[in-house]
Amino acid sequence: MNDKKLYRSETNRMLCGVCAGVGEYFSIDPTLVRLAWVLLCALGSAGFWVYIVAAIIIPTQSAVQ
């Protein structure tokens, strides 16, 4: 079973650490996740709202420990 958990990054963060946390979870470069999020925001406001909700819902790693 996979023991990976989704956390907001505290070390590689730009705003709230959501993109870096998603990148770490899926083992991809956080810059690619950030670019995808910018594209979602440019195509409509859905990307902005998804980011805000993710920043509220996804815990930081230090908050969980």
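Annotations for the structure displayed:
- Restricted to region 52-65, and to residues there that are modelled with pLDDT under 85 and part of a helix (DSSP H, G or I), the residue that is farthest from THR11 (Cα to Cα) is VAL64.
- Checked against the criterion of being open to solvent by less than 80 Å² (accessible area, probe 1.4 Å), in a helix (DSSP H, G or I) and modelled with pLDDT under 90, region 4-19 has at least one qualifying residue.
- Close pairs from region 1-12: first farther than 11 Å from THR60 by Cα, partner open to solvent by 100 Å² or more (accessible area, probe 1.4 Å) and in a loop (DSSP other than H, G, I, E, B), Cβ under 6 Å, at least 6 apart: none
- Members of region 43-65 found to be of a type in the set (A, V, I, L, M), surrounded by 12 or more Cβ atoms within 10 Å (Cβ to Cβ) and without any contact (Cβ under 8 Å) to a residue 24 or more places away in the chain, listed by number: VAL50, ILE52
- Residue within region 24-33 that is of a type in the set (Asp, Glu) and part of a helix (DSSP H, G or I) present: yes
- Residue in region 21-42 that is polar (S, T, N, Q), open to solvent by less than 80 Å² (accessible area, probe 1.4 Å) and in contact with a helix residue (DSSP H, G or I) (Cβ under 6 Å, 6 or more places away or on another chain) present: no
- Of the residues LEU40, LEU15, the single one that is under 15 Å from ALA54 (Cβ atoms), over 12 Å from the mean Cα position of the chain (by Cα) and of a type in the set (A, V, I, L, M, F, W, C) is LEU40.
The values are calculated or read from the model by the stated rules, or taken from the named source; none is laboratory data. Quick caveat: nothing in here was measured; it's all calculated off a predicted structure. Glycine gets a Cβ as well: all are built from the backbone with ideal geometry, and neighbour counts include every protein chain shown. Each accessible area value is taken on the protein alone, full model and side chains, heavy atoms only, with ligands, DNA and RNA left out. Shrake-Rupley method; radii C 1.70, N 1.55, O 1.52, S 1.80 Å.
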